[in-house]
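The values are calculated or read from the model by the stated rules, or taken from the named source; none is laboratory data. Keep in mind the model is a prediction, meaning the values are calculated, not measured. Heads up, the Cβs are rebuilt from the backbone with ideal geometry, glycines too, and the neighbour counts pull from every protein chain shown.
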C-alpha cells in the first residue's frame, strides 16, 4: 500500500520486484513499479521459457491477486541472448502453472516492454483475469504490445484505454511467420481462450510486422467485443484494427497446429481511420474463422489495398453493419472512467498525464 519499487533486477528470474507463488492472496494498492527487470541469463539450461517473466510482478499457480490504483512504468521482461524468453513487461503469470485469479482496477501501464509477448501483461493458462478502468500507453512486445493471453485464458477487459502500443518487427521463436500471424498491437493471443472487451478505446496501436493493429485473436478463441472504439490503428498485414483467425502455421503454444478457427462477435463498435498494408483496413476475418458484426459502424478513413474496411477469407461472415445510435454516449462514459486513471481523451485524441 502506497509503496514504490524501482530499478530492481532479477537475472534468470520471475518478477523483477515481486514474485507470488502458491496459495497466496496479494493486495497491491496505490503502488508504483518503475524500471524493474526480469532477465533470463545466458546460461539458462531450459532455454529460458520459464524465466525472464514479469518485469515487475510474477504470479504463480494458486495465486488470487488484486491490483488497484497502481502504476507500472518502464518495466522489462528480457532475454538478451536466449530465444524464447521474456514475457510480460510489467506482469506475467507463470507458464505451465496451476490456475490463478488476477484483477486489475484503475491502474496505468506505460513504456513497459517484453522481448517476446505481452509488453505490459502476459497471461498464460486456465486463469480468470479481469482488467477494468485501466490505461495502457506505449507498451511493446514482439507480439501483443500491451496484453498477451494464451492457452485456456478467460480474460475480461472493461472501460480501458489502449494508446500507442506496438507489436514490434523482431522474429518470434526464430520463425517469422508466427509474429506475422499473431501480431496484436494492443491485445493478442488465444489458443482455446475466451476474451470479452467492453466499452474500451483503441487509438494509434501498431502491429509493425503482423496482423491486427489493435486486437488479434487466434487459434480457437471465442471473443465478444462490445461498444468499443477503434481509431488510427495500423497493421503491416491484414486487419488494421481487428483480426480474427485460426492457429498460426507454427504456434509456440498451440494445442493443435492444424485448423483451429476462431469465433468473434462485434456489437455496437465504431472503426475509423485504421489501415492495413495488405487487406482489411479495419477488420480481417481469416482462415476459416467466423466473425459476426452487429449494429457497428465503419467510419471514414479506413484503408487497405484490398477491402478498405472489411475482408473475410475462407469463410463467410455475417456482416449486418448498421448505424450506432449510442456510440457518443458510450465514448463519453468510457472517457470519464479513463480520466480517473490519468490518461484523458479529448475530441478523439489522447494524452498521458
* To do: Scan the stretch 207-226 for residues that are modelled with pLDDT under 95, buried (at least 24 other Cβ atoms within 10 Å of the Cβ) and in contact with a helix residue (DSSP H, G or I) (Cβ under 8 Å, 6 or more places away or on another chain) and report the count.
  => 3
* To do: Inspect all residues belonging to the stretch 55-70 and state whether any of them is surrounded by fewer than 22 Cβ atoms within 10 Å (Cβ to Cβ), assigned to a loop (DSSP other than H, G, I, E, B) and at pLDDT 90 or above.
  => yes
* **Filter pass, residue 92 being in contact with a strand residue (DSSP E or B) (Cβ under 8 Å, 6 or more places away or on another chain), modelled with pLDDT under 90 and under 13 Å from residue 53 (Cβ atoms)** => no
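Can you tell me which residue in the stretch 137-154 is surrounded by the fewest Cβ atoms within 10 Å (Cβ to Cβ), limited to those that are assigned to a strand (DSSP E or B) and in contact (Cβ under 8 Å) with a residue 60 or more places away in the chain?
Looking at residues that are assigned to a strand (DSSP E or B) and in contact (Cβ under 8 Å) with a residue 60 or more places away in the chain, I get 137.
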* What is the residue count in the stretch 155-180 for residues that are surrounded by fewer than 24 Cβ atoms within 10 Å (Cβ to Cβ), within 24 Å of residue 97 (Cα to Cα) and at pLDDT below 95? -> 2
* Can you pull out the strands (runs of 3 or more DSSP E) entirely within the stretch 256-308 that have at least 1 residues that are touching a helix residue (DSSP H, G or I) at 6+ places or on another chain (Cβ under 6 Å) and farther than 18 Å from residue 213 by Cα? -> none
* Name the strands (runs of 3 or more DSSP E) wholly within the stretch 90-136 that hold at least 2 residues that are within 14 Å of the chain's Cα centre (by Cα)? -> 91-93, 108-110, 121-124, 128-132
* **Identity of the residue in the stretch 1-31, assigned to a strand (DSSP E or B) and at pLDDT 90 or above, that ends up nearest to residue 117 (Cα to Cα)** => 28
* To do: Would you be able to tell me the number of residues in the stretch 196-206 that are surrounded by fewer than 24 Cβ atoms within 10 Å (Cβ to Cβ) and closer than 21 Å to residue 164 by Cβ?
  => 3
